[in-house]
Amino acid sequence: MRLLRLFGTTSLACAVGLALVLGTIGATGSTFARRPSPGSAAGGPIRVAMRDVVLYPYRDAPSHVLALSGTVAPTRAGGTVVLDDIGSYGIMIRHAEVALSAATMTVLMNRYILPASNGPIKHVEVSFGAGTIGMSGIIQKGKVRARFKASAVASPTADGDMRIRIVKMTAGGFVPKGLMDALGLKMDKVAQPRNKQIFHVVGDDMIVPVVSMFPPPKVSGKLRSVRVTPRAMTAVIGSAGAPALPALGASYIHYRGGVLKFAKLTMRDVDLTVVPKTSAPLGFSPANYYRQMEAGFAVPQPDRGLVAHVPNYSALVPAPK
């Protein structure tokens with residue numbers, strides 16, 4: 001009980017919930033700019049399709065895009081999509097299935113989120129179970145340190161955001177039951193986030209905008225479902241049914257239509273496909289695409305399309321230690 005009096009039961013629950021939500025976001029505050037608004041790209045929008053692609057928003061925190069279809073448009077009216085400037089364009093999702101591993105969540109928490117928050121939660125480990133998100137770590141206030149464990153469930157809201165609800169928590173061996181009701185408090189009274197672009201609170205639930213889960217280039221789309229298994233947390237965004245993707249191989253990114261600039265080239269009526277040099281799934285970093293293209297090779301097609309064969313991004317840049 002001394003431990004609970006020191007930390008405060010309500011603040012403890014809020015701190016654990018806050019860290020759990022930030023783990024699902026996986027980026028710093030600069031990531032959460034407003035959603036991209038389509039510009040007037042000459043020749044219409046660029047259609048984008050991805051199949052079995054490992055994206056690297058950060059070198060040590062990849063996300064696995066199982067399938068994606070949508071459009072790419074400039075973020076500035078009258079602008080052009082420029083691959084060298086990830087802030088110049090956004091992706092409007094028609095349908096996507098994206099998986100995050102517990103290892104990625106753990107890295108995001110400890111390397112990017114917790115150091116920036118300067119909060120009392122340290123050394124967090126994220127795990128997934130059958131339908132639950134688990135987290136353990138240390139809460140430190142002054143010279144007092146205590147281990148904590150928490151579990152939560154995730155679900156979509158009616159607005160297409162993600163709802164995170166803590167269902168169980170232990171701290172220093174104590175198990176709170178009916179914490180908020182017992183104290184007669186609501187989380188929105190004691191833990192209102194300062195930056196509502198990241199998330200906001202409704203009652204005892206934390207609501208995460210789907211767009212906040214993705215660093216630049218900005219992504220827009222509504223969460224339809226979320227499934228947690230021991231292997232990954234998989235989110236379905238956009239429409240329920242997955243449209244047929246182009247038959248371009250087992251792993252690729254494909255851009256088609258509109259105008260696209262990359263390096264010193266401008267491609268009109270775009271037909272650009274990026275594929276892996278090996279049989280492994282394509283590992284791609286939007287912010288470092290040119291480094292990958294430089295280390296690979298491109299093959300012009302008879303219909304004037306271009307296929308870029310690139311090495312896996314993880315093979316070019318070692319992970320931070």
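Couple of notes before you dig in:
- Sparse packing (at most 12 other Cβ atoms within 10 Å of the Cβ) combined with a DSSP loop state is found for the following trypsin sites (Lys or Arg not before Pro) in segment 237-270: 264.
- Spin-label model, residue 127/residue 261: points 7 Å from Cα along the beta carbon direction are separated by 5.0 nm.
- Computed across segment 237-297, the Kirkwood hydrodynamic radius from all distinct Cα-Cα pairs reaches 13.5 Å.
- Applying Stokes-Einstein at 20 °C and 1.002 mPa s to the Kirkwood radius of segment 214-258, computed over alpha-carbon pairs, gives a translational diffusion coefficient of 159 µm² s⁻¹.
- Extension gain, residue 225 back to residue 245 (0.36 nm per residue minus Cα-Cα distance, nm): 5.1 nm
- Theoretical FRET efficiency, 1/(1+(r/R0)^6), r = Cβ-Cβ of residue 279 and residue 317, R0 30 Å, to 0.05: 0.90
- Estimated FRET transfer efficiency when R0 is 35 angstrom, pair residue 52-residue 136 (beta carbons, to 0.05): 0.65
Every number here is computed from the coordinates shown, using simple stated rules; none is lab data. As the structure is a prediction and not an experimental result, all values here were calculated from the model. Positions of Cβ are backbone-derived with ideal geometry, glycine not excepted, and every protein chain shown enters the neighbour counts.
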